[in-house]
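These notes are about the structure you will find just below.
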Amino acid sequence: MAHENIRFPRNHMAIRDEYFYYFDERNDTLNQKVSDGATAFTYPLDPPLGGNAVISVEYDGFNFWTLQEGNTSEDVVIKKWLVSNYICEVVDTIELAHSADHKFNSSSFSLEFYNTTLVTTVSGRTSQITLAGYADYVDPGTIITLGPNSEGVYENVTVTGTLNTSNSFGLGFYTFNTYEAGTKVYFPKSIWLVNNFLYNSAGGSLYKITLPNKQITEVIADEDFEYVDASCFYNTGSEQYILYVLGTTVRFLNIDSLTNEKSMLLDNIKNDQSTGITVYDIKVKGDTLYRLQNKATYFGTDYTFSTYNYQFSTIRPFVDSITVDVNPKILPSNGINVAEIQAVVRDQFNAPIQIKSVTFSDSDATGFISSTFVYTNHYGIAASVYKAGTIPGNVTITALTTQYD
Amino acid sequence: MANDNLNFRKPHMTFVDGYFYMFDDDTDMLLQKTDDGVTSFSFPFDTLMSNTVDSIEHDGVNFWSMEDGSADDTKVIRRWALDNYACKLQSTVTLSNPAHTFSSDTFSVEHYHCTISGGYSEGDTIITVDVDTELPGLLQSGMAMTIGPNTAGRQETINIQHVAGKVITLADPLEYSYINGDSFQFYNYLWMFNNAHGTNTSTGALYKINAYSGSVIATYPGGVYKGVKAATFSEITHFTELGAVNSLMYVKASNLLFININSASLDYYGSMAMDTIKDDEVSIITVYDLAVYNKNVYRLQRFATYYGATEGWATYNYQAATFNSMVASIGMVASPNIIAANGTSVSEIIASVRDQFAQPIDGRLVYFAVDSENDGAIVDGQEIVNTGSGGMSAGKAQTTYRAGEVAELVRILARVDQV
């Protein structure tokens, strides 16, 4: 079985519903592909990219966003695109040009965005809305997209301030259309740009650019960002992260605390167990992390592709490793002595997995394990006891666990 | 099997009543070919061609051609008619204006076909047209209409004096008699895809031009109009919710876009994906000209991809597409897409079936199967699912995969039959 799937000719991707997207500067199209690489549709770009390749792309539930190099290698341009009436049009442009204070060179950016719904119906010519979630992330000036309503209409509104309840907001102008309760609501909050410069000097950093005013409001200095090719925004509902790939791990940068709260191991290591495989883009959809790569390792065999294809990782905690330790490891074969057995079960975040069934077995015809079916404790440990047999020899203790979901 | 057909030597084409036509400036002939490339007839021009024609159209009565003008940044659009076994020049529009850089590869003619209401005799000057569209605005004083052929095969073209509702006053009396339902046709505007807006060549523009005077009525700037090589105009009926509409169509990248020329901002009725992508899955095959007949679209190309292999020719040949809704893509997603190989864990599979217009197709059976070397399988009873059933949104079908007991990469397949 060949392992290519979407066969992208460009090293960026966005995911919307069941489709994968990339921007093609040669044909000036937004290409929509299905998971086996067949082109489902294309949207002409207006204006054309003019041969300036897209470096990274994001999708916020409503708009596509692209990152391109600017006029020099120290400038970048971020464009906001809208697929409307079968055309993909630029609706906003953010130019980050080098200055005495800043230089910009980036391989990746993330868009912090929020999707929620209207709590109550908004009639046409209304100047307030009530949101079901993420009200804390709405500020005066935030531009919110409402829609589609039952007639398929969308509309942008600008928030002016909070009303009597914390999740109700006044608008700068009346709505033009009616939007029923439950209508989807989208708003981007910030751009998080991975920069190969730190201010105007060499060194990595992460720039936070707030929207819609396009102001740089945070610069996080960290040399690690100089080596980041892939990043994306990840919202668990209660916590928001910037995920970025560093080597063979994905780091979870909490955007409130600005600390790396988690790190997840990826299987982007070649069969030699030492060479990393470059991840060019990442996206989260549901509980799945999609990684865009032109190499992959499947069941011990390395594959190299002429195109870029996605590989999966799961973000939901999943049994990733189980290790067994026996103490003591040498027993007399007297049918009396015992050894403690401990199996440690961990997920891909290297965190212990609790209440996970572990089944122990041994290869000793005369010895035995006291409890062969044990659940892991708070520390991910399942413990049992092996009692020695009467025939000298090597004994193999096996612990088996699995994921049931 | 070789897949070339017309073997046209020039990059333009139009289609009339089952025949394909090409303006040959080498021999000064309008060539008429059958669909296997055999020349079935040729019509000598009464005016010799001076330039290679870029694009041609047929409005039901006249042929139209576009070529470079003698000066830089100018274009010439000519109207021709077949008369007494020759192709005779009827009128010429020269687009030349220092305020505009005319640089175009394609154009089309806005034209309408309807019928007359009631019978009319020789000498009559007032006729009523059976048409859904309001004629004022489309048909104006000074334009021309062609009526017929009548039962004797006669037709005539007469200038318009006045239009009121569906009632037309002719500038000259009818020469022949006509019965209810005889054809009534007219053209009014030229639509040119220009590679400049005014003199700004960094963008493109769609130009609306009076087909009689050549005056520029309006320009619609937009990058999407730049670099367009194929366009046509026709009544289309395949957008079922819209009914019959007259649309200007053009090819951009690998899509055919349908412009509503009656909307102020030139909205689109829709867009149709076409198989104009080479077997490298990236390069787009240039479409040089376009013709529409009934449910068929004819694209003029020098390359085509047949069943995964791209073929190229030294000549230009047509490729067919259809307006009939066909299954064009099946998008698939598994959630979760990593599950344990324990014989128990399951993953929900959703297939999204869409046609070439990117519209969901409902009520279509999706056949799910598993490409696996081991014992993972679609849950019993869920192998065949109707799109739009089980609470799924339009065009979507859902099934469930249950894991086997051997770790492996599993591929879920979905098949939908064309009907």
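Observations on the model:
- Think of chain B as a dipole: +1 on every Lys or Arg Cβ, -1 on every Asp or Glu Cβ, centred on the Cα centre; then among B:ILE116, B:SER103, B:ALA244, B:SER103 lies furthest on the positive end.
- Distance between the C-alpha centres of segment A:385-402 and segment A:215-243: 47 Å, rounded to the whole angstrom.
- Test item: Cα-centred dipole of chain A, Lys/Arg +1 and Asp/Glu -1 on Cβ, debye: 620 debye
- Peptide A:80-92 has a mean of 3 when you count, residue by residue, the C-beta atoms of other protein chains within 10 Å of its C-beta.
- nm² value of the averaged projected area, convex hull over the Cα atoms of segment B:327-416: 5.4 nm²
- Counts of other chain beta carbons within 10 angstrom of each beta carbon in peptide B:343-356 average 2.
- Take segment A:119-182 with all the other protein chains still there, run a 1.4 Å probe, and you get 52 Å² of accessible area per residue.
- For B:SER103, nonlocal amide neighbours, meaning residues 5 or more places apart or on other chains whose placed amide H falls under 5 Å from its own, are B:ASN195, B:ALA196.
- Dipole of chain A [Lys/Arg +1, Asp/Glu -1 at C-beta], most positive-end residue of A:ILE315, A:ILE15, A:THR158: A:ILE315
- FRET efficiency estimate (nearest 0.05) - Cβ-Cβ, B:ALA309 to A:HIS3, R0 25 angstrom: 0.65
- Interface residues in segment B:222-269 - accessible area drops by 20 Å² or more relative to the isolated chain, probe 1.4 Å: B:GLY223, B:VAL224, B:LYS252, B:ALA253, B:ASN255, B:LEU257, B:TYR268
- Here the calculated FRET efficiency for A:THR236 and A:THR158, from their Cβ-Cβ distance with R0 = 22 Å, stands at 0.20, rounded to the nearest 0.05.
- Considered as an equivalent ellipsoid built on the Cα gyration tensor, segment A:119-182 has semi-axes of 18, 12, 10 Å, the largest given first.
- For segment A:322-362, fraction of C-alpha pairs farther apart than 14 Å, in %: 57 percent
- Pair-distance distribution P(r) for chain B, from all Cα-Cα distances in 10 Å bins starting at 0: 4, 18, 25, 23, 14, 9, 5, 2, 0 percent.
- Distant alpha-carbon pairs in segment A:364-405 (separation over 11 angstrom), percent: 71 percent
- At most 14 other Cβ within 10 Å, DSSP loop - trypsin sites (Lys or Arg not before Pro), segment A:312-399: A:LYS329
- Neighbouring Cβ atoms from other chains, within 10 Å of the Cβ of residues in B:281-289, number 3 on average.
- Partners for A:LYS329 among lysines (Cα-Cα distance below 30 Å; same-chain residues under 8 apart left out): A:LYS356, A:LYS387
- Shape index of segment B:242-385: Rg/Rh, with Rg the Cα radius of gyration and Rh the Kirkwood radius from the inverse mean 1/r over Cα pairs, equals 1.09.
- Solvent-accessible area buried by B and A, counting both chains, probe 1.4 angstrom, square angstrom: 3500 Å²
- Value of Rg/Rh across segment B:91-220 [Cα atoms, Kirkwood radius]: 1.09
- Between B:GLN418 and A:ASN377, the modelled label-to-label distance comes to 6.6 nm, taking each label 7 Å out from Cα in the direction of the beta carbon.
- When the convex hull of its Cα atoms is projected in every direction, mean area for segment A:8-152 (nm²): 11.0 nm²
- Relative contact order (%) - criterion: Cα under 8 Å, at least six apart; region: segment A:119-182: 46 percent
- Computed over chain B with a Gaussian network model linking Cα atoms closer than 10 Å, the most mobile of B:ASN188, B:ASN84, B:ASN159 is B:ASN84.
- For q = 0.13, 0.17, 0.23 Å⁻¹, Debye-computed log10 I/I(0) when each Cα of segment A:137-250 counts as one equal scatterer: -0.67, -0.92, -1.26
- Extension gain, B:GLU373 back to B:SER263 (0.36 nm per residue minus Cα-Cα distance, nm): 34.0 nm
- Share of carbon and sulfur in the accessible heavy-atom surface of segment A:319-401 [1.4 Å probe, %]: 54 percent
- Residues losing 10 Å² or more accessible surface upon assembly, segment A:390-405, compared with the chain by itself, 1.4 Å: A:THR402, A:GLN403, A:TYR404, A:ASP405
- Over segment A:319-401, accessible surface divided per residue gives 58 Å², non-protein components excluded, 1.4 Å probe.
- Pairwise FRET efficiency - A:PHE176 versus B:THR128, Cβ, R0 = 45 Å, nearest 0.05: 0.65
- Rolling a 1.4 Å probe over the protein heavy atoms gives chain B an accessible area of 42 Å² per residue.
- Backbone HN-Hα couplings from phi across segment B:17-22 [Karplus 6.51/-1.76/1.60, Hz, Gly and Pro as x]: 6, x, 10, 9, 10, 9
- For A:LYS270, the lysines whose Cα comes closer than 22 Å to its Cα, not counting residues fewer than 8 places off in the same chain, are A:LYS283, A:LYS295.
- GNM remark for chain A: springs join alpha carbons under 10 Å apart, and the peak mean-square fluctuation among A:VAL90, A:VAL358, A:VAL338 falls on A:VAL338.
- Bins of 10 Å, starting at 0 and running to the largest distance - Cα pair percent for segment A:54-93: 31, 50, 17, 2
- q = 0.06, 0.13 Å⁻¹, chain A: log10 I(q)/I(0) [Debye, one scatterer per Cα]: -0.33, -1.13
- With eigenvalues of the C-alpha gyration tensor scaled by 5 and rooted, segment A:289-405, Å: 37, 18, 10
- Bins of 10 Å from zero: percent of alpha-carbon pairs in the protein assembly as shown: 2, 11, 17, 20, 18, 13, 9, 5, 2, 1, 1, 0, 0
- Spatially, segment B:187-257 and segment B:53-126 are offset by 15 Å when compared through their Cα centroids.
- Cα-based radius of gyration for segment A:1-76, normalised by 2.2 N^0.38 Å, reads 1.14.
- Amide H contacts under 5 Å for A:ASN271, placed H, 5+ residues apart: A:ASP302
- Residues in segment A:1-32 that a label on A:TYR298 would reach, taking backbone N under 19 Å of a point 7 Å out along Cα→Cβ: A:1-9
- Entries in A:LYS208/A:LYS285; B:LYS229/B:LYS396; A:LYS184/A:LYS262; A:LYS214/B:LYS252 that, when Cα-Cα distance is taken, lie over 28 Å: B:LYS229/B:LYS396; A:LYS184/A:LYS262; A:LYS214/B:LYS252
The values are calculated or read from the model by the stated rules, or taken from the named source; none is laboratory data. Predicted model, so just to flag it, every value in this text is computed and none were measured. Positions of Cβ are backbone-derived with ideal geometry, glycine not excepted, and every protein chain shown enters the neighbour counts. Heads up: the accessible areas ignore ligands, DNA and RNA and are worked out on the full protein's heavy atoms, side chains in. Shrake-Rupley method; radii C 1.70, N 1.55, O 1.52, S 1.80 Å.
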